[in-house]
Amino acid sequence: MPDSVTQVLNSGPVGAKINIAVLGDGFAAADQTLYNNKVQEFLLDGVFGHDYFYEDKQAFNIFRVNLISVDSGVSTRQYNENGTPDDPSDDTIVSTTLRNTSLGYIFSGSWAHCWLENGANTSTLVHNALNTWVPDYNLVVIFLNNPNYGGCGGGGFQVVPLGIDWHVLAHEFGHGLGALADEYCTSRVYSGSEPGNVDVTINTNRNTLKWRNFVAPATPIPTGKGSCAGFNQGTRPADWDDTQSVGLFEGGGTNGTGMYRPVINCRMRGNTPEYCPICYTQMKRINDAKTEHTFLDCHAGDFNGDGKDDLLIHNNNSIQIFRSNGSQMDIVFSAVERVPGSWQFTAGDQFYIGDFNGDGKKEVAVYNSTNWIMPYLGLLADDGANGLRLIARYDGSMPGWQFSKDDRFYVGDFDGDRKQDLFVFNGTNWAFPYLGMLHSTGSGFQLVHRYDGTMPSWQMTKGDQFYAGDFNGDGKCDLFVFNGSNWAFPYLGMLSSNGSSLSMAHRYDHLLPSWQMTKGDRFYVADSNGDGKADLFVFNGDNWSIAYLGMLHSTGSALSMAHRYDGSVPGWQMRRHDQFWVGDIAGDGKQDLFVYNCNDWATQYLGSMTSSGSALSATWSADWVGEWNLGTVDRFEPCNYEGGKAHRDLIVHNHDWLGLIRATPTMQLQKIYYRFIHNYRYGRNW
Ligand SMILES: [Zn+2]
Ligand SMILES: [Zn+2]
C-alpha cells in the first residue's frame, strides 16, 4: 500500500483557504482504517463539528495524508524523573523502544519532555512528507499511534497521541491560528509588560481595557482578584456564564497572579468550553475573509416547524441555517461543499422554500442550471439534526420534463394535498414555451401535466410572467399569468388548478376592472381582504405620468377593483421605483404590503401599507430604522421570525450587514449583525 493523500474537507482553492495537513506516524497498513477514523472523529466530527470551527469551516481545507509505517505503534521512551516531574534537568532515560515508523516520533508521556520528542530524522521526514503531499499547508496535525494522553506543538504544528479528545486540538488551533494566549494558571507571578495577545492583559483600567466593549457596565473591574480568581468582587449575578460573560479575572497566560483573563473559563483555559467572546471574535476576524461569507443570498423559512421563520444563507459552496428564537438568530447548521445525498453547492444554486412533504417544516428545492454540464433539481429535507440532506435529485431531466437553463419555478400546493408542489416554466430555451406541473410526493417530484406552447385559452410566449396563489379558495394553488410585452396589448389570465390540470377561469385582454394594463405592470399576490382567496395588487410606476396601485379582489373566478390609488396611498407618496413585498402586519389575515423606495427621493423610505380589506393606509421610516442606515444595496425578505399570527417582519441584508426589522407599531430594528451572526451576552463585534 503506497502513501497517499485525500482531501477530506474541500472548501476552495488552496490559495484562498487555510490548509490543514494531517499526518500519521506509527500506522502500519492494517492501521489505516483506525487512522482514517481518528481523523474523522477528532477533526471533522470534533473540531469542525462544533461552535467556531463549525461556523467557519468554509475557511478551511483538510488534507489527510496516509503514511504507511512498517511497524504498528510509535517508538516509546521511559524517563526516570527522579521525583521531580516539573524539572527535566535531572531526568535520566530508563529505556527506549524504537520502532520503524514513517516519521520516527518517540512518545514518552513525560510533561517535562513535551510528552514526546523527535527521533533522529523526524524533522526531515515530516518536511519531506509535507512537501510531497501538502506543499501548501498552513497548519499541521500529526497523530501518533499511541493510546496515551499528551501533545506537543508550536509554530502551527500539533503532534498528539490518540488518548486526547478534540477539544485539545481546538485549543491548539487557538494558538496556531488566533495567536491566542493560554488562559490557565500556574503558581507563577507575572511582573512583565502588557502581553500582545488579545485574551490576556495586565491592565485593570475599565476605560482602556482591551476587551472593554464586551464588559457590561454593572460588572466590577477587576471581577476576580487573587491567584487564579473566579468571581469574587461583589455578588456574582445569577445569570453569569463562566464562558460567555466577560469581566477581568486575575490569573492567566500560565500565571497565577499579575496577569488577567477575560472570563472564568474559556477554551484557552479548560479546553472543553467554547471560546470566550474575546477569543471567538479574534478567530472570526482573523479568518473572516477566507470564509467568503456575505449576507447577499438569504432565504427565510421555518425549517423546524416552531412557527418562527429561520434563515438560510448561501455562499458559493456553503449554506448555513440560523434558527430564530423570536428575536435573534443562532447558527444550527453549517455545510460546505455538499450535504449527504448528495447535493454539491455552487454559486448558481437557486433556492425555493416550501413545505414539500407536508410535515409542517419547510424544505428546500434547489435548482442549478449554470454551474454544471447539465441542470440539476434537488430536494433538501430535514436531516433530523437541525440540518438538511438531499432526498431526491434529478440530473438533467425527470420523466416528462427536460430541464433547461431558464427554467423558472413557482411554489404552490396545486393539488391540495398539503404538500407544496412546483410549477415550472420555460419560455426561452426551446422552440416554444413549456409549463409543467410537478407534483410533490413528499420524497420527490412527478410531472402530472405539461403544457406545450399553449394552455387553455392562453398562447404561451416568452414574456409570460407567473404568480402562484389560490384565487378561488379551494385549497389548490392556482396561477395568474401576465404578458405585457409580446402582443399588441397586455393579457392577464387566471388559471385554475383542479389538482392535475389548469383551466382558464378568466382572461383579461388589455383591461382589468378600472385598470388599463400596460407593459410595466407588476403584480403581487396577497389575500388583501382575508377571504381565503388570493387577490392581486398591481403597481405601475413606469408607464404613466404618475404611479398607480390597484387593489384587486378575487371573486374566485374574476377580479374586481376594490380600490385604485392614483399617485399616492394615504401616508405614502408613490414613485416610480417603489418596491413591494407581501406581509400580514396586523396578523388579521388581510395581507398587507411592505414598500421601499431607495431611488426617487433624497433619502430612502421603508414603509408598510396595511389593508383594512378594502383600502390601504401607510406609515414609513426615512433613512434609518433604528441603527440600520437604509441604502440602495439593501435587500428584504418578508417573513415571520417572531412567530405568532402576524407576518410582520423583514430580514434586511446586504454584503456585510443583516438586520431583523419588526413592522409594528412602527418600523423597529430588533437585531443588527455585522459580517457574522453571533449574539454576545454584552457588546458586539464592531
Ligand atoms: Zn495552550
Ligand atoms: Zn478566551
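Every read-out reported here was derived from the displayed coordinates using simple, explicitly stated rules and does not represent laboratory data. Since we're looking at a predicted model, the values are computed, not measured. Glycine also receives a Cβ, built like all others from the backbone with ideal geometry; neighbour counts cover every protein chain displayed.
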> Residue-wise, which Karplus ³J(HN,Hα) couplings in Hz belong to region 4-9, taking 6.51 cos²θ - 1.76 cosθ + 1.60, θ = phi - 60°, and x for glycine or proline?
Replying inline: 7, 10, 9, 7, 9, 9
>> For the pair Ser227/Ser545, report the inter-label distance in nm, with labels modelled 7 Å from Cα in the Cβ direction.
In response: 8.9
> Which length gain, in nm to one decimal place, applies between Asn148 and Leu511 when the Cα-Cα distance is subtracted from 0.36 nm times their residue separation?
Replying inline: 122.5 nm
> Taking Cα pairs under 8 Å and at least six residues apart, what relative contact order does region 430-477 come out at, in percent?
Replying inline: 29
> Normalised by the residues of region 564-686, what does the relative contact order come to in percent, with Cα pairs under 8 Å and at least six apart?
Replying inline: 18
> Counting only residues 5 or more places away or on other chains, whose amide H sits under 5 Å from the amide H of Val5 once H atoms are built in the peptide plane?
Replying inline: Asn66
>> Looking only at Cβ-Cβ distances, which cysteines of the chain have no other cysteine closer than 4.7 Å?
In response: Cys279, Cys298, Cys477, Cys598, Cys639
>> For Phe345, what residues show an amide H to amide H distance below 5 Å, using hydrogens built from the backbone and excluding near sequence neighbours?
In response: Glu337, Arg338, Val339
>> Counting pairwise Cα distances across region 596-644, what percent come out greater than 13 angstrom?
In response: 66
> In whole Å, what three semi-axes, largest first, describe the equivalent ellipsoid of the chain built from its Cα gyration tensor (square root of 5 times each eigenvalue)?
Replying inline: 58, 32, 18
> So what J values fall out for region 421-429 if you push phi through Karplus, 6.51 cos²θ - 1.76 cosθ + 1.60 with θ = phi - 60°, rounded to Hz, Gly and Pro as x?
Replying inline: 10, 10, 9, 10, 10, 9, x, 10, 8
> What's the Cα-based Rg to Rh of region 244-299, Rh via Kirkwood?
Replying inline: 1.15
> In nm, to one decimal, how far is the modelled label at Gln670 from the one at Asn599, with both set 7 Å along Cα→Cβ?
Replying inline: 3.1
> Along the principal axes of its C-alpha atoms, what lengths does region 89-218 span, in descending order and rounded to whole Å?
Replying inline: 60, 41, 26
>> Under 25 °C and 0.890 mPa s, how fast does region 250-348 diffuse according to Stokes-Einstein, given a Kirkwood radius computed over C-alpha pairs? Answer in µm²/s, whole number.
In response: 151
>> Which residue, Val215, Val198, Pro237, has the largest displacement toward the positive end of the dipole of region 179-237 when charges sit on each Cβ (Lys, Arg +1; Asp, Glu -1)?
In response: Pro237
> With all pairs of different alpha carbon atoms counted, what Kirkwood hydrodynamic radius in Å does region 1-119 show?
Replying inline: 16.3
>> Under 5 Å between amide hydrogens, which residues at least 5 positions from Met574 or on another chain qualify, with H placed 1.01 Å from N in the peptide plane?
In response: Ser568, Val569
>> Below 8 Å, C-alpha to C-alpha, sequence gap of six or more: please give me the relative contact order for region 482-623 in percent.
In response: 16
> Mind listing P(r) for region 326-443? All alpha-carbon pairs, 10 Å bins, whole percents.
Replying inline: 13, 43, 33, 9, 1
>> Can you give the local net charge around Arg77? Use residues other than it whose beta-carbon is closer than 14 angstrom to its beta-carbon, Lys and Arg +1, Asp and Glu -1.
In response: -2
>> Cut-off is 10 Å between beta-carbons; in what order do Ile164, Ile142, Ile68 appear when sorted fewest neighbours first?
In response: Ile68, Ile164, Ile142
> Semi-axes of the equivalent ellipsoid of region 141-237: what are they in whole Å, largest first, if each equals the square root of 5 times a C-alpha gyration tensor eigenvalue?
Replying inline: 33, 15, 13
> Once you put a point 7 Å from the Cα of Leu34 and another 7 Å from the Cα of Lys519, both along the Cβ direction, what distance in nm separates them?
Replying inline: 7.5
> What are the ³J(HN,Hα) values, in whole Hz, obtained from phi via the Karplus relation 6.51 cos²θ - 1.76 cosθ + 1.60 with θ = phi - 60°, for each residue of region 562-576 in sequence order, with x given for Gly and Pro?
Replying inline: 6, 6, 10, 9, 9, x, 8, 9, x, x, 8, 8, 6, 9, 3
>> Given R₀ = 60 Å, what would the calculated FRET efficiency be for Trp430 paired with Asn82, taking r from the Cβ atoms and rounding to 0.05?
In response: 0.10
>> Using only the alpha carbons of region 382-502, what is the convex hull's orientation-averaged projected area in square nanometres?
In response: 8.3
> Given the Cα-Cα distance of Asn121 and Arg206 and 0.36 nm per residue of separation, how much length would full extension add, in nm?
Replying inline: 25.5 nm
> Based on the Cβ-Cβ distance from Asp51 to Ala179, what FRET efficiency comes out when R0 is 22 Å, to the nearest 0.05?
Replying inline: 0.70
> Per the Kirkwood definition applied to all pairs of different Cα atoms, how many angstroms is the hydrodynamic radius of region 219-267?
Replying inline: 10.4
> Most exposed first by the Cβ proxy, i.e. fewest other Cβ within 10 Å, how do Trp624, Trp240 rank?
Replying inline: Trp624, Trp240
> Say R0 is 22 Å: what FRET efficiency, to the nearest 0.05, do Trp686 and Ala216 get from their beta-carbon distance?
Replying inline: 0.80
> Stokes-Einstein at 37 °C, 0.692 mPa s, Kirkwood radius from Cα pairs: D for region 361-405 in µm² s⁻¹?
Replying inline: 290
>> Treating region 479-623 as a set of equal point scatterers at the Cα positions, no solvent, please give the Debye-formula log₁₀ I(q)/I(0) at q = 0.09, 0.12, 0.13, 0.20 Å⁻¹.
In response: -0.28, -0.49, -0.57, -1.24
> In whole angstrom, how long is each semi-axis of the equivalent ellipsoid of region 553-686, when you take the square root of 5 times every eigenvalue of its Cα gyration tensor and sort them from largest down?
Replying inline: 29, 18, 12
>> I need Leu422, Leu511, Leu23 ordered by Cβ neighbour count within 10 Å, fewest first.
In response: Leu511, Leu422, Leu23
